[in-house]
1. Note the full-extension length gain between residue 230 and residue 60 as 0.36 nm times their separation in residues minus their Cα-Cα distance, in nm to one decimal.
2. Keeping every protein chain in place, order 96, 217, 84 by accessible area at 1.4 Å, biggest value first, i.e. largest first.
3. Taking the simple approach of a point 7 Å from Cα along Cα-to-Cβ for both residue 212 and residue 239, what is their distance in nm?
4. Under 5 Å between amide hydrogens, which residues at least 5 positions from residue 49 or on another chain qualify, with H placed 1.01 Å from N in the peptide plane?
5. Considering the dipole of segment 1-153 built from charges on the beta carbon (Lys and Arg +1, Asp and Glu -1) around the Cα centre, which of 29, 101, 118 is farthest to its positive end?
6. Using helices alone, I'd like the mean residue ellipticity at 222 nm for the chain: each DSSP H run of four-plus residues gives -39500 (n - 2.57), total over residue count, nearest 500.
7. Assigning unit charges at the beta carbon (Lys, Arg +1; Asp, Glu -1) and nothing else, what dipole magnitude in debye, to the nearest 20, does the chain show about its Cα centre?
8. What aspartates and glutamates sit close enough to residue 155 to cross-link, taking a C-alpha to C-alpha distance under 13 Å and skipping anything fewer than 8 places away on the same chain?
Amino acid sequence: MMSVREILKHINDEDAIVAGAVREVIPQVQKLVEAIEPRMRRGGRLFYVGAGTSGRLGVLDASELPPTFGIPESRVVGIIAGGDQALRHAVERAEDSSEQGWQDLQSYHPTTDDTVLGIAASGTTPYVVGAIRMARQHGLLTGGITNNLHTPLAKAADYAIETIVGPEFVTGSTRMKSGTAQKMILNMISTTLMVRLGRVRGNRMVNMQLSNAKLIDRGTRILQEELGISYVEAQRLLMEAGSVERVLHQRSSYNVFY
């Protein structure tokens, strides 16, 4: 019976709760990131494991890191119940197996320097909980992102991040506030790790892949500003070196970020 404006306002009112809920769990996110960082410095990888919306968000975050920060696709990997086809289409009962998550990880030959981060709004998804339990048993670092308290996922993980956003505008539709909270936390984790691992300078994406005209232009303007050279010269240097970072390392005049 609501008008369009009323529906939109109520959804927005609910969404406004999310940032505060995420802020409450920053101490837990901090502990997890601090545990992941030394492992990644040793060559370890970060795996996101989820089903449905949670799985899609993990794959999304992982897939955006190589073009943004220039890291190999193998360093942060998103795994979704049902495989890549589940990104677009629901795969019936894919999330119901408590063994399949760990089995799906086996193709990556996980080691004790790797981290597995399970994502499940309910905190009960068998695919996710099973993967986290087995990963922890095998000595991998584990984390869990959930939107409920005292869940099997939180109990299974070394580090639990429980973001309580309250009931959804459409009851049970965790693609809404819960999904938004998960997206925010994944952004925080991955971006903080990339900053700590030196994949940015200042607040600039100096390792971004030059995969389109927009990013080439962005990289050119960074070099133009930092080195005090013409746009044409900056673009020539960028295209020769392949990244902003390489140009800045090669130029003795560059010291602003060190």
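1. On the way: separation 170, 0.36 × 170 = 61.20 nm, distance 3.63 nm.
Going from the current span to full extension adds 57.6 nm.
2. Working: 96 75, 217 45, 84 120 Å².
Result of the area sort, largest leading: 84, 96, 217.
3. In this crude label model, residue 212 to residue 239 measures out at 2.0 nm.
4. Long-range HN contacts for residue 49: 79, 117, 118, 119.
5. About the Cα centre, the residue reaching furthest to the positive side is 29.
6. Values: 10 runs with 131 residues, N = 258.
After summing the helix terms and dividing by residue count, I get -16000 deg cm²/dmol.
7. Details: 28 positive and 27 negative charges, 112 e Å.
It comes to approximately 540 debye.
8. none
The values are calculated or read from the model by the stated rules, or taken from the named source; none is laboratory data. Keep in mind it's a predicted model, so treat the numbers as computed, not measured. For neighbour counting, all protein chains shown are included, and Cβ atoms are generated from backbone atoms with ideal geometry for every residue, glycine included. The protein model used for the area step is the full one, side chains on, heavy atoms only, and it has no ligands, DNA or RNA in it. Shrake-Rupley method; radii C 1.70, N 1.55, O 1.52, S 1.80 Å.
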